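Below: the structure, in structure tokens.
The values are calculated or read from the model by the stated rules, or taken from the named source; none is laboratory data. Being a predicted model, the structure only gives us computed values, none of them experimental. Accessible surface areas use protein heavy atoms only, side chains included; no ligands, DNA or RNA. Shrake-Rupley method; radii C 1.70, N 1.55, O 1.52, S 1.80 Å.
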Amino acid sequence: KVAATGIFRNAGQVCVAGSRLLVEAGIHDAFVAEVAKVTAAMKLGNPLDLSTQIGAVNSAQQLQGNLRFVADAAAEGGTIVTGGRQALTETGGWYMEPTIVTGVRPSHRLFREEVFGPVLAVTPFQTEAEALLLEGKLIKQWRPKYNTDFTDDKRFLLLFTFLNTLAGGAATLIQARR
């Protein structure tokens, strides 16, 4: 549930949206199936309706950009598990189905760039070392953009892992290893 609400709440249009998910290969299929099941039960619609869980994106331009991300993901070898299309066109709003894409690799645009929409990129990993390598690639791609203070010193590894923050909790874990 946390993985689904972490990206699809606010239609993925919040800076802390959980837009990328690294999942151990051994549980990947079952985990993605559960996230897809939770996603299918979420209500897309008018944000003034209190039962709505996913609203519209902020503009027609943003919607078209989000749809291009999904098309690019499929063209690069990603698998669209659910969603990926415009929805509720009869309302005149800029709605997009919540979308889950698996098989996303570091070379894919969906891994490298921010969608800012209801699109979850899922990348499987085999080992903890591979997961750390993938996480490092995500961190390094944002360093130049935000001028953060990450080190390239291979003797020092700084990991930022958010625990429960996507579900409304407040715990943040910062783990350092030498």
Would you mind giving the average projected area, over all directions, of the Cα convex hull of the range 1-63 in nm² with one decimal? 5.0
Given a 1.4 Å probe, how much area per residue of the range 1-62 is accessible, in Å²? 56
Heads up, the range 1-114 by the C-alpha gyration tensor (a ≥ b ≥ c square roots of eigenvalues; a/c under 1.5 rounded, else a/b over b/c prolate, else oblate) looks oblate
For Gly84, what residues show an amide H to amide H distance below 5 Å, using hydrogens built from the backbone and excluding near sequence neighbours? Glu97, Thr99
